[in-house]
Structures are given as structure tokens and as C-alpha cells.
1. If the only charges are +1 at each Lys and Arg Cβ and -1 at each Asp and Glu Cβ, what is the size of the charge dipole of the range 16-62 around the Cα centre, to the nearest 20 debye?
2. Give the lysines whose C-alpha is closer than 29 Å to that of LYS197, dropping any in the same chain fewer than 8 places away, or say none.
3. Please list, by residue number, every one of the GluC sites (Glu not before Pro) in the range 57-123 that is coil in DSSP and has at most 13 other beta-carbon atoms within 10 Å.
4. Which distance in nm do the two modelled labels at GLU66 and SER123 give, with both placed 7 Å along the Cα-to-Cβ direction?
5. Based solely on C-alpha atoms, express the radius of gyration and the Dmax of the range 17-143 in angstrom.
6. Restricting to Cα pairs below 8 Å that are 6+ residues apart, what does the relative contact order work out to for the range 1-121? Please round to a whole percent.
7. Taking a probe of 1.4 Å, how large is the accessible area per residue of the range 45-86, in Å²?
8. State in Å² the accessible area per residue of the range 140-195; use a 1.4 Å probe, count heavy atoms of protein chains only, and round to the nearest integer.
Amino acid sequence: MSDNVRHVLGISGGKDSAALAIYMRDKVPEMEYFFTDTGAELPEVYEYLDRLEDYLGKPIARLGLERPFEHLLQQHNGFLPSPNTRWCTREMKIRPFEKWVGEDNVVTYVAIRADEDRDGYKSTKPTIVPRFPFKEDGLVRSDIDRLLKQSGVGWPSYYEWRSRSGCYFCFFQRKSEWISLADRHPDLFEKAKAFEKDDTGAGKGYTWSQGETLEDLIARAGDIRIMASIPGELSRCRVGWQDLLCNLEDDNDDACLVCSL
Ligand code: SF4
């Protein structure tokens with residue numbers, strides 16, 4: 001590989017990409033680490049990035065947005081992003097990354113494990129070539145746990161209440177996780193609520209959680225908590241794409257399958 005190729009590794013704020021950074025630290029010393037900061041990250045993520053930086057011994061470049069989410073939302077006529085119209089990933093993850101690498105020849109290392117059946121982000125730019133070291137070397141979930149433990153970096157603390165990394169308002173989170181967000185970060189929950197347009201009765205509302213506003217969701221928090229504690233019961237309060245997500249591993253690193261830059 002020629003010398004003018006950049007080697008980059010995206011940190012999502014989740015455990016798998018952190019484990020990949022740990023795994024690659026001594027294998028590719030010239031590696032550049034980056035984090036696409038949507039401005040809607042959980043505070044726990046920043047704390048985890050600091051911990052990881054200490055281990056890596058070099059900074060993780062923080063790629064910010066040119067314009068905040070509020071502006072992007074306006075541009076999209078107030079339409080919240082959703083699994084069907086995931087403009088957030090394009091605007092807040094892919095665009096800042098592609099701007100950062102420019103026209104450079106880049107190898108990007110992607111944290112998809114050998115025991116996962118998904119592709120992850122693939123750029124349309126021929127200058128950006130992905131590599132999948134965990135897949136190439138056959139590393140599975142237990143290897144990731146070992147890397148995190150042995151390095152002393154450990155797991156992000158939000159795993160106590162949330163199963164995936166991603167924006168605090170990510171529409172991929174479960175209803176029970178919305179309730180945990182309200183408990184742990186009431187300010188962020190309120191901010192997420194403020195983005196909704198409550199006109200669901202007329203079929204015009206834009207809500208984060210399919211079929212109900214966050215206010216309605218929190219009003220039945222007790223029921224959701226009970227259902228979440230009974231194996232199999234939670235699926236009764238999910239609809240559509242949420243059922244699909246139920247089939248993913250609980251601890252899947254990436255809230256959004258394309259957010260795994
Ligand atoms: S984490 Fe969720 S809300 Fe944030 S950019 Fe990815 S899909 Fe969109």
C-alpha cells in the first residue's frame with residue numbers, strides 16, 4: 001500500500017468500534033481515529049471517548065456539523081428522521097466524514113464482527129476503501145469483551161440503560177429506552193419532545209416513536225416497564241420496524257446500521 005494512503009477508524013461511541021481501536025492500535029500505528037459528533041450525543045459518550053483516548057495515546061478527531069440538527073430539521077420541513085427517511089445519517093454522519101477525508105485515498109476500518117450478518121457503511125467514492133479486521137480475523141462478541149476488559153477501557157456506561165450508541169433522540173431506541181432517557185437525562189428527553197409535532201390524530205404529526213408522542217409514551221411508562229421485565233412481552237408494544245429490531249442482538253453496537261462509520 002502506498003505511503004499516501006490514510007488509515008482511519010471511526011469511533012461510534014459504542015463498544016465494538018472501541019474494541020477495534022484497541023485491536024488496531026499497535027497493528028497500524030499511523031491510524032487516525034475520528035468521531036462524527038452529531039451534537040446530539042449522550043454525555044456518557046464523551047466520557048468514554050476520553051477514556052479511549054488515554055488508552056490509544058492519541059486524540060480522536062471530533063468531526064462536527066456545519067449546521068446543528070435544528071437547522072437540518074428546518075431544511076427537511078420539520079420531518080423528523082425515521083427508519084424510512086434517514087436523512088440524519090447522511091447529513092450528520094456520512095457528509096462530515098466524507099468532507100474530512102476529501103479526495104484522499106483512505107482505508108477505513110469498520111467494526112463489524114465475524115458473528116454479525118451486516119455490511120455497514122460503503123462509500124460510493126472509489127477513494128474510500130473499507131476493511132473489516134474483525135471479520136477478516138474471525139473475532140466474535142466474546143473477543144470484543146476480552147479486548148475491552150484486558151485493556152482496562154471497559155464498556156460505555158450508558159449500557160446500564162441503553163442497548164446501542166447513537167443520538168439521544170435516535171428513533172431506533174426502544175420504548176423502554178425512551179423511558180430510561182427520561183429518568184437519566186430528563187433535559188435531553190425534553191429536548192427530544194420539543195422536536196415532535198403533536199398532530200398525530202390528524203395523521204400529520206411527526207413523532208420519534210412510531211404511533212405515539214413521547215408524552216403519551218411516558219404516560220404509560222409503568223406498563224412499558226412491566227412489559228420490558230417480562231421476557232417476550234415487550235414485543236406487544238412494538239409495531240412495524242421495531243419488531244425487526246427486536247430480532248437484532250440486544251447489545252448491537254450501532255443504533256443505526258449505517259452509523260457505524
Ligand atoms: S444514531 Fe439514530 S438519529 Fe443519530 S444519525 Fe444515526 S440513525 Fe440518525
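The values are calculated or read from the model by the stated rules, or taken from the named source; none is laboratory data. Source: prediction; values computed, not measured. Quick reminder, even Gly has a Cβ in these numbers, built from the backbone with ideal geometry, and neighbours come from all protein chains shown. Calculation scope for accessible area: heavy atoms of the full protein, side chains included, ligands and nucleic acids excluded. Shrake-Rupley method; radii C 1.70, N 1.55, O 1.52, S 1.80 Å.
1. 180 debye
2. LYS93, LYS175
3. GLU66, GLU103
4. 1.7 nm
5. For the range 17-143, the Cα radius of gyration and maximum Cα-Cα distance read 15.9, 47 Å.
6. 36 percent
7. Result: 58 Å² per residue.
8. For the range 140-195, the per-residue accessible area is 40 Å².
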